[in-house]
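Everything on this sheet refers to the single structure shown next.
The values are calculated or read from the model by the stated rules, or taken from the named source; none is laboratory data. It should be emphasised that the depicted structure is a prediction, and the values quoted were computed from it without experimental measurement. Quick reminder, even Gly has a Cβ in these numbers, built from the backbone with ideal geometry, and neighbours come from all protein chains shown. When the accessible area is computed, the model is the full protein with side chains, heavy atoms only, and any ligands, DNA or RNA have been set aside. Shrake-Rupley method; radii C 1.70, N 1.55, O 1.52, S 1.80 Å.
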2 protein chains.
Amino acid sequence: MRFRKLNYFITVAEELHFGRAAARLHIAQPPLSQQIKAIEDELGAVLFERSSQKVSLTPAGEVFLPQARALLQNWEKIQEQVRSVANGTAGNLSLGFVWAAGTPHFSKGIAQFKQNNHGVTLNLEEMTTTHALDALRTEKIDLAMIFLNPLMDITDLEHQEYEIQKHLLALPDNHPLAQKDSVPLSDLHQLPFISFVRQAHPSLYDQIMHSLHAAGVEPNIVQIARLTQTTRTLVAAGVGVALVPESTQFDQREGLTYRPIDGVLPELAIHFVWRKNSLTPLMERLITHLQAQVPR
Amino acid sequence: MRFRKLNYFITVAEELHFGRAAARLHIAQPPLSQQIKAIEDELGAVLFERSSQKVSLTPAGEVFLPQARALLQNWEKIQEQVRSVANGTAGNLSLGFVWAAGTPHFSKGIAQFKQNNHGVTLNLEEMTTTHALDALRTEKIDLAMIFLNPLMDITDLEHQEYEIQKHLLALPDNHPLAQKDSVPLSDLHQLPFISFVRQAHPSLYDQIMHSLHAAGVEPNIVQIARLTQTTRTLVAAGVGVALVPESTQFDQREGLTYRPIDGVLPELAIHFVWRKNSLTPLMERLITHLQAQVPR
DNA sequence: ACATAATGATACGCTTTTCCTATCTTAGCC
DNA sequence: GGCTAAGATAGGAAAAGCGTATCATTATGT
């Protein structure tokens, strides 16, 4: 599909000489004459006024020439665009990610990717793990970055690790435990606790609770916060303490301190997740790029 | 140039099934697979996700489909347009015509032609014979309607008769000659005369003067008018009499009378004139149409 | 688990299209 | 009147496209 004939016509129209045009096209003159005749037959319109002396365009040819040029140009553009989408330098991508993934290196990575891929439209949306999985399966998003753990049933999906975060204990500045450099897990027993809603990340929630129980810690959940933002506000207000992903510390806040935990807690594994057979070059490129931004 | 492959792609994209698509295209399935593969190779982009279970578009294919459709549609439009221009139902045409050609049947003919050929843009310009010939040769106009006579050198042009007009004598209402039903040529001797500029229609001018001399009439040219409009104003004002084309009488005017001439005067032959080998279907159609409007 | 059915890919020979070489035709020119 | 330049025509060769037969893969049903 080289639009051969269209090119033949344009070249003859430019040279106004079958011999020279044929030379430019690297073919002999007779087939060129034939092909032009074929176009004329197909269109039902004579495009050239021929004499042995000179060749000129008929009004029909005059009208055809710019249109033919435009068509070819259009075709070039289409080709480029399709190629761009194919190798991932253009296209659309909807990404759902959990709040904890929104680290400075994540933002930087996204910004760079946009910078280097002007043809790409990224659609970013913050979601809970539960919501993101649903959005993936209903094809509302193409890619998710969520808390993954082995208990989840994701046989219809594929995934790849993004980063592992540790838990930190969020404390009010003036809390007695803030004196210690790191807090033993057992110290959390019966402490007033602020948790996220289980439904947001059910497996993670269950895993954390399991770990606490195993360490003999019975948390006294005094409040359930839907947004991490709210959790921090409540902790700062002295309502209680909370276990938060380490990425939370990137947002500094008056009156809040973070301490590492001494003891066994599940890791916070953020994974890229996508539907089977839906991994496009664009997604691959984005995943590779974002992963490269993760420190260490 | 049937844009075969493009159509193949579109059909497969619509059916999402190589077998059915091949059937719709009236070819076997293997060549279809081959051609699709050829497109993919050419674009450097996989367009379909194939499995023995189902075929689906890749993002690149998704982008390509509407573009391919648009391209084909565009091609159809181009074809139609070229065909229209070729058979004269569309296009542009610049027509220069002498004032005398602007009769009611001329106006009606033009109006009808426009009505019946909406794709046609007519560019009408009133000109003198001299100016029209120049405009023709410099390709500023495509067709002229001018006073033609055998003395003119128009070997580079072709022509066809439009209509023959007679001369009339334009008189003030109260002029003594207005009493007669027709005026003998000899009566014009020494009468105050209003003439057009010789340069406007030189051959015609010379021919008229020759006829007058031959009849022993020595006109007393008191004024030279550039516009026929002006001639009539001057005649009505009693400045003199004038020889005018019979078409002039279609414009009635207070205080003006026209009388036939008894005697030998050149006929006013208005011809279509165009450059050799420049007669397009559109011009042919216009010429035929206008000529059919001439009375009798 | 194994045979069956459905579907796209591959192999290979045939047909059609396109191209090339050689020659013809026409129109200007010395 | 022959010469030259340019496009058209003729006929065979090369290339592209197509068809039949077959393979490979995957789901399905017993």
Seminar exercise, completed: Given pairs A:K54/B:K276; A:K77/B:K54; A:K37/B:K77; B:K5/B:K37 and cut-off 18 Å on Cα-Cα distance, the over-length ones are A:K77/B:K54; A:K37/B:K77
Seminar exercise, completed: So the compactness index of the range A:143-188, its C-alpha Rg divided by 2.2 N^0.38 Å, takes the value 1.79
Exercise. Within the accessible area of chain B, what % is carbon and sulfur when the probe is 1.4 Å and the other protein chains stay in place?
Worked result: 49 percent
For this session: Over the residues of the range A:206-248, compute the C-alpha Rg and express it relative to 2.2 N^0.38 Å.
Result: 1.23
Problem set entry | Debye equation applied to the C-alpha atoms of the range A:12-60, log10 I(q)/I(0) at 0.15, 0.27 Å⁻¹ | -0.36, -1.10
Seminar exercise, completed: Taking a straight Cα-to-Cα line shorter than 20 Å from A:K108, and setting aside same-chain aspartates and glutamates fewer than 8 residues away, one finds A:E125, A:E126, A:E161, A:E163, A:E246, A:D251, A:E284
Exercise. What residue among A:T89, A:T257, A:T58 has the largest mean-square fluctuation in a Gaussian network model of chain A, using Cα springs under 10 Å?
Worked result: A:T58
For this session: Just give the residues from the range B:65-79 buried by at least 10 square angstrom of accessible area in the all-chains context relative to the isolated chain, probe 1.4 Å, and say none if nothing qualifies.
Result: B:Q67, B:L71, B:N74, B:W75, B:I78, B:Q79
Problem set entry | Surface/4 estimate of mean projected area, convex hull on alpha-carbon atoms of the range B:1-146, nm² | 12.9 nm²
Exercise. Angle, helix B:281-292 long axis vs. longest principal axis of chain B, Cα atoms, 0 to 90°, nearest 10?
Worked result: 40 degrees
Seminar exercise, completed: To the nearest 10 degrees, the tilt of helix B:29-43 (Cα long axis) against the first principal axis of the alpha carbons of chain B is 70 degrees
Exercise. Can you give the relative contact order of the range B:4-86 as a percent, counting alpha carbon pairs under 8 Å and 6+ residues apart?
Worked result: 25 percent
Exercise. Relative contact order of chain A: what whole-number percent is it, with Cα pairs under 8 angstrom and at least 6 residues apart?
Worked result: 22 percent
For this session: Name the residue, out of A:H213, A:H26, A:H189, whose mean-square fluctuation peaks in a Gaussian network model built on chain A with Cα pairs under 10 Å.
Result: A:H26
Exercise. Which residues of the range B:22-62 bury at least 30 Å² of accessible area once all protein chains are present, versus their chain alone (1.4 Å probe)?
Worked result: B:E42, B:L43, B:P59, B:A60
Problem set entry | Three semi-axes of the equivalent ellipsoid, the range B:215-296, Cα gyration tensor, whole Å, largest first | 33, 16, 14
Problem set entry | Degrees separating the helix B:202-214 axis from the principal Cα axis of chain B, which is the longest one | 30 degrees
Exercise. Over the range A:167-266, what is the mean sequence separation of C-alpha contacts under 8 Å (at least six apart), divided by residue count, expressed as relative contact order in percent?
Worked result: 52 percent
For this session: Compute the Rg to Rh ratio over the range A:4-86 from the alpha carbon atoms, using the Kirkwood formula for Rh, and round to two decimal places.
Result: 1.05
Exercise. Given C-alpha coordinates of the range A:167-266, what is the ratio Rg to Rh with the Kirkwood estimate of Rh?
Worked result: 0.92
Exercise. For B:N277, which inter-copy label distances result when the label point lies 7 Å beyond Cα on the Cα-to-Cβ vector, reported in nm to one decimal and in ascending order?
Worked result: 6.3
Problem set entry | Per residue, in Å², the accessible surface of chain A once ligands and nucleic acids are set aside, probe 1.4 Å | 50 Å²
Problem set entry | the protein assembly as shown - Rg (one decimal) and Dmax (whole number), Cα, Å | 43.9, 140
Seminar exercise, completed: homo-copy label distances at B:P260 (7 angstrom along Cα-Cβ), nm, one dp, ascending, are 12.3
For this session: Give the Debye-formula value of log10 I(q)/I(0) at each listed q (0.21, 0.22, 0.24 Å⁻¹), with one equal scatterer per alpha carbon of the range A:168-211, two decimals each.
Result: -0.83, -0.88, -0.97
Problem set entry | Residue with peak Gaussian network fluctuation, chain A [Cα springs, cutoff 10 Å], from A:Q79, A:Q67, A:Q249 | A:Q67
Exercise. Measuring label to label, 7 Å along Cα→Cβ, what does B:D156 give against each other copy in nm, shortest first?
Worked result: 8.0
Problem set entry | chain B - Rg over Rh from alpha carbon coordinates, Kirkwood radius | 1.34
Problem set entry | Protein-protein interface of the range B:80-114, residues with accessible area decrease of at least 10 Å², isolated chain reference, 1.4 Å probe | B:Q81, B:V82, B:R83, B:V85, B:A86
Exercise. If you put +1 on each Lys and Arg Cβ and -1 on each Asp and Glu Cβ, how big is the dipole of the range B:167-266 around its Cα centre, in Debye rounded to 20?
Worked result: 240 debye
Exercise. Mind checking how much accessible area B and A bury in total, 1.4 Å probe, in Å² rounded to 100?
Worked result: 2700 Å²
Seminar exercise, completed: Straight-line reach check, A:K180, cutoff 29 Å on alpha carbons, 8 or more apart in-chain or any other chain, hits among lysines -> A:K166
